[in-house]
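The values are calculated or read from the model by the stated rules, or taken from the named source; none is laboratory data. Because the structure is a prediction, the values reported are computed rather than measured. We place every Cβ from the backbone using ideal geometry, glycine too, and count neighbours over all the protein chains shown. Surface accessibility is based on the protein's heavy atoms, side chains included, excluding ligands, DNA and RNA. Shrake-Rupley method; radii C 1.70, N 1.55, O 1.52, S 1.80 Å.
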Amino acid sequence: GAGVSQSPSNKVTEKGKDVELRCDPISGHTALYWYRQSLGQGLEFLIYFQGNSAPDKSGLPSDRFSAERTGGSVSTLTIQRTQQEDSAVYLCASSHGSPLSKNIQYFGAGTRLSVL
Amino acid sequence: KQEVTQIPAALSVPEGENLVLNCSFTDSAIYNLQWFRQDPGKGLTSLLLIQSSQREQTSGRLNASLDKSSGRSTLYIAASQPGDSATYLCAAPGDSSYKLIFGSGTRLLVRP
């Protein structure tokens, strides 16, 4: 597609439910990133994929968070047993995998998650 | 550990003014620095990427500079317009080139 696509754009869920957020990167981009933007916290890195593998999961806030990427394309971020503090905008970005020094990250519009 | 700071947090100017947004970073061993724009309820739009070997990058009315030695970048907006109203974020690579560390942003309002 023309840009990074995320779905849903908005998600309202009840505390304790599981949610799945989807990201379709720009075609041909081998690198994919998830970030979270919370009120008062700014933008924070969650996880990075190169192809289907995730060399860096250091930003995932707890073991309730997981992500996968299949076919080197679509990625899903799953949050289990959601808590109110998980409410945030989840942003996905993609980039050409290399050269790293020219690694412009292109962002999607985000998924706004509200946990009631 | 990379830390990125942006000042001011908010800025309100009349239309037509030239303005400067500031970004500072603590780890000067960066590959590049990127400036983004975020409109309310929207994702991030990349404005400019400055490589470490460059001092300036220009796109239309926007000019970004990078001074690694002082740990600073500035975004200059010429002849500001109401449509420039948005939050402007700068980001530098963290402990790896792919992990962007963002500033908290400058919320700009250009008054007609």
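The figures follow:
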{"read-out": "Environment charge of B:GLU15, counting only residues whose C-beta is closer than 13 Å and scoring Lys/Arg +1, Asp/Glu -1", "value": "0"}
{"read-out": "Heavy-atom accessible area per residue - chain A, 1.4 Å, Å²", "value": "47 Å²"}
{"read-out": "Proximal lysines to A:LYS57, defined as alpha-carbon separation beneath 19 angstrom and excluding residues fewer than eight positions away on the same chain", "value": "B:LYS1, B:LYS99"}
{"read-out": "Exposure of A:ASP24 as accessible area (Å², to 10), given a probe of 1.4 Å and all protein chains", "value": "50 Å²"}
{"read-out": "Sequence of A:TYR33, B:TYR76 when ordered by accessible area, the most exposed leading, probe 1.4 angstrom", "value": "B:TYR76, A:TYR33"}
{"read-out": "Rounded percent of accessible protein surface that carbon and sulfur make up, chain B, 1.4 Å probe", "value": "48 percent"}
{"read-out": "Largest-first ordering by accessible area, 1.4 Å probe, given options B:LYS42, B:LYS99", "value": "B:LYS42, B:LYS99"}
{"read-out": "Average beta-carbon neighbours from other chains, 10 Å sphere, peptide A:104-111", "value": "5"}
{"read-out": "Accessible area of B:ILE7 in the full protein assembly, 1.4 Å probe (Å², nearest 10)", "value": "100 Å²"}
{"read-out": "Accessible area buried at the B-A interface, both sides summed, 1.4 Å probe (Å², nearest 100)", "value": "1600 Å²"}
{"read-out": "Relative contact order (%) - chain B, alpha-carbon pairs under 8 angstrom, separation at least six", "value": "38 percent"}
